[in-house]
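Worksheet: one structure, shown below.
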Amino acid sequence: MNKSQMYITMPDAPLPVALPGGWTVVHQGDPLTVMGPESDLTMFFLVRPVTSDTEQLFRLAWQQAEPEFDLPVGQTVELPSTDGWDTVVQVSYSTPESESRIAIAFARMLNTRAYITLIDGTKAGFSRRMAHIAELNNAWKPTGLKEPSLAGISPKAFGEDEQKAMSSFVDWAMRHIGIPGVAVAVVQDGNTVYAEGFGVRRAGETDPVTPDTRFMIGSSTKPLTTLMMARLIDRGHFTWATPVTKVLPSFALADSDVTQRLEMRHTVCACTGMPRRDFDLFFRFRGVRPEDRIAEMKQMSPTTGFGETFQYSNYLVAAGGYAAAHSYAPDLDLGNAYDRSMRQLVFEPLGMQQSSVHGIHSPLDAAPHGRTFDGRCAPIDPVIEQFVDSSAPSGAVWSNVLDMARYLSCELRNGQNEHGEQVVSVDSLLARRRSAVRIDGKTSYGLGLLLTEQQGLAQVTHGGNTLGFSADMFFLPEHGVGMVVLTNLRAANLFLTAIGQKLIEILFEAESKAETILTGAKKALDNSLESLRKRVKTDPGATAWIRDYVGNYVSEELGPASISREGEGFRIAFESWSSDLGVEEQSSESRQIVLTSAPWLGGIKLQLTDDPDILLLDGGQTKYRFVRVGEKRS
């Protein structure tokens, strides 16, 4: 063992576990208690007998860990495990928004014992140390835990019976959880062996989803961006170790030393400590150019050290993609340079004829959707998806499952396209699949790719979420198998997990978990919506006090906002989109104005402050202030 490394012994576990750097042991007894480097995040580990009343189990655990803990349950999710546990239960708690706090509990059941992890800390702490939390939680391997492994098993051919099984499951799953449209493709041995569409392109209409239907793929764009970068490395434009400033001289962060240290690989490795600042993208994007996004980064700095922990930054990926594109088309502005680079270096060589960067939304494309308060899927204004246009390398690609299958085929053929042409060198392709930063014991991040091990199978993957679409793609390099799933609904991640699990069950005859995953996801969704409707009020009596906040506001980072009365209710308009408003009153001292329209559905809250002319939006590591300008309006 490394003598400078600190270790802890988890309850019932035969082997010690390494603490991530900077973490300390607060209490070695029951519960085992550790604290994060900034002292704003605490984890407790304890074991108790399994009981039929899980809520009581958690309540008693919290009473021992934090006797004053009295937060109400916000959402409970119960899911089967693919890691050897009998059942996994996750509970998130409703916390006062003014405290900027997150509290979560896990109970993983094994035979008669419940292995409980309690996590309490600031939103900023969670944002910085999420990977460390996952690493510690997943490192808990008590005696008796037997993780299933499919290693050494060869997959079956994805033939007619397998296709029918997949189609039947996808059709049931999308209807059960309520997703308007889905497209799925499977690649095996370099060939597309399955491609099907399900449902409709737009809720309430009849135009069907087909394999040709295009969706936004969100962050599944990132592997395509790093493939473009790899091709430019082959051509000698730069290397992964070239400083970003040598490729894009205008690039700079707030810290000049960090700016000089940043290499091209660092932009796409999620390993530099740059925090996620997606609110900056969501709220203000009209007329914003890629050059403007690059300029905004001069006010940003990492919040953890290089290689210290996984932090995901769309801004930084955008910078790397634009820098690479600039080296290819230096006479064009960054947006057009990236478009040309992707078209000429990725889409055309791979035969991805229907794929494009942002492009014009067509009626033949799937429409974006979000959920309403009653759980229905409703189309949202496609304009809102333009938030990603100025950070295109991180998530602006539109594609369909046929084109994405061609990309997967290239990965599985070690850089060759479907015609056998070597599009990218094996060395440059595989450099993207080397671990750059650890996420937990089984998962790490490479260069625009997640590297993980699921049930003994090495998997390379990357999902994607926009405000109205969810996507996933993965491939198993050792078995020549890949899958892509595209949907036209925000935050359909557990649905995507279930579909991926179904493929593993079909090909490897793994234990059946997919249906239970989906059923658990539906139950969690219903519980979440019920909790939301209890917490957030939209009736005229409850929302009447918003009248005191009617007026115009501005945020230095997020731009303008205007609260107005609409009939008996209230509405807020930002630069390019708007939402109905509700209220959440957690106490007499904690009141929030809540955005209730799809796709936000209570996920964005404006806190009241001591100053009636200032509203606060908590972004975790960044707090945004909306300041009233001009006179109050009634």
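The values are calculated or read from the model by the stated rules, or taken from the named source; none is laboratory data. Predicted model, so just to flag it, every value in this text is computed and none were measured. Cβ: placed from backbone, ideal geometry, glycine included. Neighbour counts: every protein chain shown.
Each residue in the stretch 560-595 was checked for being within 22 Å of residue 534 (Cα to Cα), in contact with a helix residue (DSSP H, G or I) (Cβ under 9 Å, 6 or more places away or on another chain) and assigned to a loop (DSSP other than H, G, I, E, B), and 2 of them qualify. Looking at the stretch 345-386, which of its residues are in a loop (DSSP other than H, G, I, E, B), closer than 21 Å to residue 491 by Cα and touching a residue at least 60 places away in the same chain (Cβ under 8 Å)? Passing the criteria: 365, 366, 367, 368, 372, 373, 374, 375, 376, 380, 381. Residues of the stretch 413-435 that are touching a strand residue (DSSP E or B) at 6+ places or on another chain (Cβ under 6 Å) and either crowded, with 24+ Cβ neighbours inside 10 Å or farther than 30 Å from residue 293 by Cα (or both): 415, 416, 422.
For residue 408, the criteria (1) at positive phi; (2) touching a Gly at 6+ places or on another chain (Cβ under 6 Å) hold in every case but one, which is (1).
Quick one: is residue 252 closer than 30 Å to residue 111 by Cα and at pLDDT 95 or above? Taking the combined requirement at face value, the residue does not satisfy it.
Looking only at the stretch 517-559, residues that are assigned to a helix (DSSP H, G or I) and among the aromatic types (Phe, Trp, Tyr) come to 2 in all. Select from the stretch 357-374 the residues that are surrounded by fewer than 17 Cβ atoms within 10 Å (Cβ to Cβ) and over 30 Å from residue 326 (Cβ atoms) and write down the one among them that is modelled with the lowest pLDDT. Looking at the filtered set, the residue picked out is 363.
Condition first: surrounded by fewer than 17 Cβ atoms within 10 Å (Cβ to Cβ), of a type in the set (S, T, N, Q) and modelled with pLDDT under 95. Can you find one or more residues in the stretch 149-167 that meet it? For the stretch 149-167, residues surrounded by fewer than 17 Cβ atoms within 10 Å (Cβ to Cβ), of a type in the set (S, T, N, Q) and modelled with pLDDT under 95: present.
Look at (1) closer than 16 Å to residue 225 by Cβ; (2) among the aliphatic types (A, V, I, L, M); (3) surrounded by 23 or more Cβ atoms within 10 Å (Cβ to Cβ) and you find that residue 467 fails only one, number (1).
Looking only at residues of the stretch 20-37 that are modelled with pLDDT of 95 or more and either in contact with a Phe, Trp or Tyr (Cβ under 6 Å, 6 or more places away or on another chain) or surrounded by 15 or more Cβ atoms within 10 Å (Cβ to Cβ) (or both), we find that the one that is farthest from residue 86 (Cα to Cα) is 37.
Residues satisfying the criterion are present in the stretch 43-60 (criterion: closer than 18 Å to residue 129 by Cβ, at pLDDT 95 or above, more than 21 Å from the chain's Cα centre (by Cα) and of a type in the set (A, V, I, L, M)). When residue 440 is tested against (1) surrounded by 20 or more Cβ atoms within 10 Å (Cβ to Cβ); (2) at pLDDT below 95; (3) among the acidic types (Asp, Glu), just one condition goes unmet, and that condition is (1).
Among residues belonging to the stretch 617-627 that are surrounded by 19 or more Cβ atoms within 10 Å (Cβ to Cβ) and in contact with a Leu (Cβ under 8 Å, 6 or more places away or on another chain), point out the one that is nearest to residue 559 (Cα to Cα). Selected residue: 626.
In the set 315, 338, 322, which member is part of a helix (DSSP H, G or I), outside the structural domain of residue 617 (by TED's automatic domain parsing), touching a His at 6+ places or on another chain (Cβ under 9 Å) and not small (Gly, Ala, Ser)?
338
Of the residues 54, 87, 122, the single one that is among the β-branched types (Val, Ile, Thr) and farther than 29 Å from residue 517 by Cβ is 122.
Taking residue 396 as the residue in question, decide whether it is under 30 Å from residue 533 (Cα atoms), buried (at least 24 other Cβ atoms within 10 Å of the Cβ) and not β-branched (Val, Ile, Thr). It is false that residue 396 is under 30 Å from residue 533 (Cα atoms), buried (at least 24 other Cβ atoms within 10 Å of the Cβ) and not β-branched (Val, Ile, Thr).
Residue check: is residue 173 outside any helix (DSSP H, G or I), of a type in the set (A, V, I, L, M) and under 23 Å from residue 517 (Cα atoms)?
no
Take residue 213 and decide whether it is in a loop (DSSP other than H, G, I, E, B) and crowded, with 22+ Cβ neighbours inside 10 Å. Taking the combined requirement at face value, the residue satisfies it. Set side by side, the residues 164, 146, 156, 141 differ, and just one is assigned to a helix (DSSP H, G or I) and either in the same structural domain as residue 15 (by TED's automatic domain parsing) or of a type outside the set (A, V, I, L, M, F, W, C) (or both), which is 164. Of all residues in the stretch 57-72, those that are surrounded by fewer than 18 Cβ atoms within 10 Å (Cβ to Cβ) and within 25 Å of residue 513 (Cβ to Cβ) total 0. Filter the stretch 178-193 down to the residues that are part of a strand (DSSP E or B) and either in contact with a helix residue (DSSP H, G or I) (Cβ under 6 Å, 6 or more places away or on another chain) or hydrophobic (A, V, I, L, M, F, W, C) (or both) and list them by number. Once the filter is applied, which keeps residues that are part of a strand (DSSP E or B) and either in contact with a helix residue (DSSP H, G or I) (Cβ under 6 Å, 6 or more places away or on another chain) or hydrophobic (A, V, I, L, M, F, W, C) (or both), the stretch 178-193 yields 182, 183, 184, 185, 186, 187, 192, 193.
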